[in-house]
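Asks: Here it is, the structure in full.
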Amino acid sequence: MIQAIYSELDGPAGVTRRLEVKGHAGYAPAGQDIVCAGASILTQALVWMTAEAEQAACTASDGPEGPRVVITAQPGPDARENQRMAGGFDLAKAGFALLAERYPDNLRFADTSSRGEEGMIDLQLFAKKDKKGPALSREQQRQAMAEGTMGRRKKAEETQEPPAPPKDAAPLRPQEQPRREPMMGIGEVGRFIRALHRQWAREEAELRRGDPKFSFREALKSPAMRRMMRMPGMRMQEAYHAAFYDQLMAGTARTVEQGVVNRVQERGARPAENGIHSKAAVTTAPDVSRMSRAQREAIEREALHGAKIRL
């Protein structure tokens, strides 16, 4: 169980405030304990708030019962700084009080200052005085007594056990508790975010292979792209194609059209082939140096008979 104790010490210069938080919540396994996460956030927020103040001090240790953090703030010469410190401690107190009210089996908060006892709310103000049964459970009753919201009952009433059921009574079925969805701890959230950034970097590199000008940062400026990326399991390429479908189709149409124009121009510049044009595709002429001896002798005999030889 986590124990959070707030105390004040009045001195000549003002009020010295002290908050001590120690122990383990034990609500769920490590990484899924929402009570531990809430107490950790409240404590760390107060530590960061008082880190730069000269009048504040913080100590942390790890013992057999769990971690222990003590935050102390002494009064300083600056009245505004003192008010800021008081506001930070009041916020932490309110958070621990809410956690203790919601999870009395895992966190206990006590405000031992005089102002804390005076500011407590009496939860039994409108309760009927003739009924002896407590309006709260045993753990909630003890928590309220520690906070000063209820008058301390006699020791006999505090330790009194509920009456045993009759022997012939049917056994009571345990009330089904609502299933709580497991929550990630602070460390798991950080690891999940880093893994998600690495995945986005890989997908952006794949998209840049087809489009060197692609930028994930620029694509996220589109509301449609941001809406698609929020969908669970959505990949960057699918979101990009869905968000910029019209632009991509227009670019593809221009590319295809330009390719057709280029092919038509290339075909118009080439000579016609296979006898479909008056001009031959390739003009050839006989090469005497490549003729055989018999061919040269035949040409020589035609020339001796007066024939005109055209090469």
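The values are calculated or read from the model by the stated rules, or taken from the named source; none is laboratory data. Computed from a prediction, not measured in an experiment: that's the story for all the values here. As a convention, Cβ positions derive from the backbone with ideal geometry for all residues, glycine included, and neighbour counts pool all protein chains shown. Areas reflect the complete protein model, heavy atoms only, side chains present, ligands, DNA and RNA absent. Shrake-Rupley method; radii C 1.70, N 1.55, O 1.52, S 1.80 Å.
Asks: Could you work out what % of the accessible surface of the range 1-48 is carbon and sulfur, using a 1.4 angstrom probe and leaving DNA, RNA and ligands out of the count?
Replies: C and S atoms contribute 62 percent here.
Asks: Oh, and also: So how much accessible area does L46 have, in Å² to the nearest 10, using a 1.4 Å probe?
Replies: Accessible surface of L46 is approximately 10 Å².
Asks: Arrange the residues I41, I2, I309 by how much accessible surface each exposes, largest first, with a 1.4 angstrom probe.
Replies: Ranked from most to least accessible, the order is I41, I309, I2.
Asks: Given a Förster distance of 41 Å, report the FRET efficiency between R209 and V70 from their Cβ-Cβ distance, rounded to the nearest 0.05.
Replies: 0.15
Asks: Using a basic spin-label model with each label point 7 Å from the Cα along Cα→Cβ, how many nm lie between A86 and I193?
Replies: According to this spin-label approximation, the distance is 3.4 nm.
Asks: Using a Förster distance of 41 Å, how high is the FRET efficiency between R293 and V261, based on the Cβ-Cβ distance and rounded to 0.05?
Replies: 0.15
Asks: What accessible area per residue comes out for the range 1-89, rounded to a whole number of Å², with a 1.4 Å probe?
Replies: Here the per-residue accessible area is 57 Å².
Asks: For T43, what accessible surface area do you get with a 1.4 Å probe? Give it in Å², rounded to 10.
Replies: Accessible surface of T43 is approximately 10 Å².
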